[in-house]
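Enquirer: Once you've had a glance at the structure underneath, I'll fire off some questions.
The values are calculated or read from the model by the stated rules, or taken from the named source; none is laboratory data. Here the structure is a predicted model, which is why all the values come from computation and not from measurement. Here Cβ is always computed from backbone atoms with ideal geometry, including for glycine, and neighbour counts include all displayed protein chains.
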Amino acid sequence: MNKLNLIKNKSVSITKEEETQIMNFVNESVGTHLSQGRTIELVRSNITIGKLGEMGFHKLCKENDIPITDIKLENKKYGDGGFDFIVEEDKRTDVKTLDQNWKKRVYLGTTVKNDMWTLIMLNDLNAVYIGSLERKDIRVCDLRYDDKQRVYLDKELFEKSTY
């Protein structure tokens with residue numbers, strides 16, 4: 001049974017203690033992330049927003065008895081292996097986080113080792129679960145490309161998802 005639909009549009013607050021844990025992770029790992037033309041400040045911001053979203057998703061699952069692996073807060077030289085968590089039914093999910101600056105485009109990245117993508121909207125320290133999409137549910141015509149040829153999905157697909 002898909003329990004993720006039970007948390008659709010639910011939110012959770014990130015505590016100051018959790019934010020401190022994330023900032024410690026960011027400070028330790030900022031030098032190991034590929035810049036891909038970004039400034040160090042933008043890399044730091046992207047890591048922070050992403051980890052806050054992961055923390056929010058993890059908390060929502062735990063609070064609603066949805067099976068999920070532990071959050072990864074250790075620095076790994078070569079990243080997280082292409083997914084962030086394993087959730088119910090052994091699905092590997094990659095959490096994507098949008099904040100007030102990026103409201104519509106969900107960038108997928110180049111490594112696809114996950115079974116689904118999960119979208120979290122972040123407003124300060126409040127994380128809202130928007131939905132998840134399984135790889136098998138994404139059609140070629142759903143994929144979009146920006147002017148730098150980076151692949152993204154529209155936020156609407158996650159809003160309409162059954163997860």
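Enquirer: Report, by residue number, each residue of the stretch 127-149 that is more than 15 Å from Lys96 (Cα to Cα) and of a type outside the set (Asp, Glu). Give the steps one after another, and end with the answer.
Expert: Here is the first cut: in the stretch 127-149, the ones more than 15 Å from Lys96 (Cα to Cα) are 136-149.
Residues satisfying the conditions are Lys136, Ile138, Arg139, Val140, Cys141, Leu143, Arg144, Tyr145, Lys148, Gln149.
Enquirer: Would you confirm, using the coordinates I've provided, whether Gly109 is at pLDDT below 75, in contact with a strand residue (DSSP E or B) (Cβ under 8 Å, 6 or more places away or on another chain) and under 30 Å from Asn2 (Cα atoms)?
Expert: Numbers: at pLDDT below 75: yes; in contact with a strand residue (DSSP E or B) (Cβ under 8 Å, 6 or more places away or on another chain): yes; under 30 Å from Asn2 (Cα atoms): yes.
Yes.
Enquirer: Further question: Do we have any residue at all in the stretch 46-60 that's on the phi > 0 side of the Ramachandran plot and touching a helix residue (DSSP H, G or I) at 6+ places or on another chain (Cβ under 7 Å)? It would help to see each step written out before you state the result.
Expert: Filtering the stretch 46-60 down to residues on the phi > 0 side of the Ramachandran plot leaves none.
No, the stretch 46-60 has no match at all.
Enquirer: Sticking with this structure for a sec: If the requirement is being touching an Asp or Glu at 6+ places or on another chain (Cβ under 7 Å), surrounded by 14 or more Cβ atoms within 10 Å (Cβ to Cβ), within 15 Å of Glu54 (Cα to Cα) and not β-branched (Val, Ile, Thr), which of these qualifies: Asp94, Asp115, Asp99?
Expert: Numbers: Asp115 fails: within 15 Å of Glu54 (Cα to Cα); Asp99 fails: touching an Asp or Glu at 6+ places or on another chain (Cβ under 7 Å).
From the options Asp94, Asp115, Asp99, the qualifying one is Asp94.
Enquirer: What is the residue count in the stretch 145-155 for residues that are of a type in the set (D, E, K, R) and free of Cβ contacts under 8 Å to residues at least 12 places away in the same chain?
Expert: Taking the stretch 145-155 first, the residues of a type in the set (D, E, K, R) are 146-148, 150, 154-155.
Subsequent filtering for residues that are free of Cβ contacts under 8 Å to residues at least 12 places away in the same chain retains 147-148.
The total comes to 2.
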